[in-house]
1. Quick one: 3J(HN,Hα) in Hz for segment 115-131, Karplus 6.51/-1.76/1.60 with θ = phi - 60°, rounded, Gly and Pro as x.
2. Rounded, prolate or oblate: which fits segment 106-172 when a ≥ b ≥ c are the square roots of the eigenvalues of the alpha-carbon gyration tensor, with rounded for a/c under 1.5 and prolate only if a/b beats b/c?
3. Starting from the amide H of SER231, placed 1.01 Å from N in the peptide plane, find each other amide H under 5 Å away whose residue is 5 or more places distant or on another chain.
4. Output the pairs from LYS107/LYS262; LYS69/LYS262; LYS262/LYS303; LYS69/LYS254 with a Cα-Cα distance over 19 Å in this structure; if there are none, say none.
5. Starting from the amide H of PHE295, placed 1.01 Å from N in the peptide plane, find each other amide H under 5 Å away whose residue is 5 or more places distant or on another chain.
6. Applying the Karplus parametrisation 6.51 cos²θ - 1.76 cosθ + 1.60 with θ = phi - 60° to the phi angles of segment 212-223, what ³J(HN,Hα) value in whole Hz is obtained for each residue in order, glycine and proline being reported as x?
7. Calculate how large, on average over all directions, the projected area of the Cα convex hull of segment 70-304 is; give the answer in nm² to one decimal.
8. Counting other Cβ atoms within 10 Å, which trypsin sites (Lys or Arg not before Pro) in segment 71-173 have at most 10 and lie in a DSSP loop?
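No lab work stands behind these numbers, since they all come straight from the coordinates. Fair warning: this is a prediction, and the values are worked out from it, not measured in the lab. In this analysis, Cβ positions are derived from the backbone assuming ideal geometry, glycine residues included, and neighbour counts consider all displayed protein chains.
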Amino acid sequence: MGQFRLLLSTAVLCVMTACSGSSHFSAGIDSNNSAAGSQNAGITLVSKNTEPAAANTETHTIAALPANKLIALTFDDGPRPYVLFGSKEAAHPAPGLADVLDKNGIKATFFVVGWRLTPKTWGEPRHEENIGVTCLDAAQQLIRRGHELEDHTYSHLELRSQERKNGEPWVRRDVDRGAEAIKAVTGAQPRYVRPPDWIITSEARHDLEHQGYRVLTISPENPVALRDVNSLDYLCAGKAVGCPKPSLADAVLKQVEQREKKGTFTHILAFHELSTTAAIMPQLITELKARGYRFVTLTEYMKLVGAKPGETVVKQQAAATSGPVLPR
C-alpha cells in the first residue's frame, strides 16, 4: 500500500509539473509586468511551440510597449478657415483639417493669433483663400467640435525683437491681448502660450509663468516630454524649400522614434495650419495609432505628463521592460 501511494503521488506530481510548464511563459510575464500589462491589453506576442501544426500557435498578452503612449496634436497660426474646412479652389483642392481630426476621433489644441479673432476677419488677403467663413466663426466651430484654443500672441510678431524695441511690458501685453481675444470666444482664460518661432527671452518667459501661463518651447530647459517636437511643416508650404525627405510624415515619425530611444513615449507635436499639413495628417495619424499612441488635448496631456513649469517629469515614461529607463 505504501508503494502504491508513492507511485500515485509521483504521478500526480508529474501531471502538475506538466501543467505548470505549459503556462510558465505566460505566468512569468504576468508576474514581472502585471501593472503595465493591465494597461496594454491587445499587445500580443506570438509564441510557437516545437510542434509544426499551426493550430498550436498561442498568443499571450504582455506589456511589450510602454503604457500611456500619448500624442498632443497642436497647430499654430490660425484660425485659417480654408485650412480647417477645405479649400474651394479647383486647382488646389485640399481636405479640411477639422474634418480629418473628426474622422479620426481626435481633439487637438490650436494656438491661435489674437488679431484673427476680430469681427469680419477671414485671413491675409494676399495669401489666404476666402471660403466665406470668418476666422471668428472658425474658432467657434472648433470649440463646438471639442478642440482647444490657446495663445499664440495677438500680433504674431517675434517677441524677442519686439522686446528690444518696446520693452518687456509690450511682450506681456501682446500675450494678454491674445488671451483676451480667446477668452471672448471660449469664456475661459488660456493657460498655455507658444511664442512665434519659439523665440522669447528667459526674463519674459519667467514673467509670463509668474502670471500663470505655461510657455511651450523647444528649449532644452524643458524636460524632454514637455519640449515641443518641431515638425518643420512650414518648410513644405507654398514655394518654401527644404521640406523634409522622404516626406513630412516620415520625418515626424523619425523624430518620435529618436525620442523613444531616449525613453520618452509622450510627445507634443507642433504643426501649423497649412493645407500641406492637413494633407499628410491622415497618414501620420494612422501610423501613430498603429504604434500604439493615444491622442489627447494639451490640457489632458499636461495632467497626465507634466506638473509645474521647470519640474522634472518622472511619470512620463513607462519602461517597455523591467529594465532601467534609458538616460537622456
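1. 5, 6, 8, 7, x, 6, 9, 10, x, 8, x, 6, 10, 10, 7, 8, 9
2. Working: a/c = 2.79, a/b = 1.58, b/c = 1.77.
Oblate.
3. ALA270
4. In this structure, LYS107/LYS262; LYS262/LYS303 exceed 19 Å between Cα atoms.
5. ILE71
6. Ordered by residue, 3J(HN,Hα) equals x, 7, 10, 9, 8, 9, 9, 6, x, 4, 7, x Hz.
7. 12.9
8. Passing both the DSSP loop test and the Cβ count: LYS120, ARG126.
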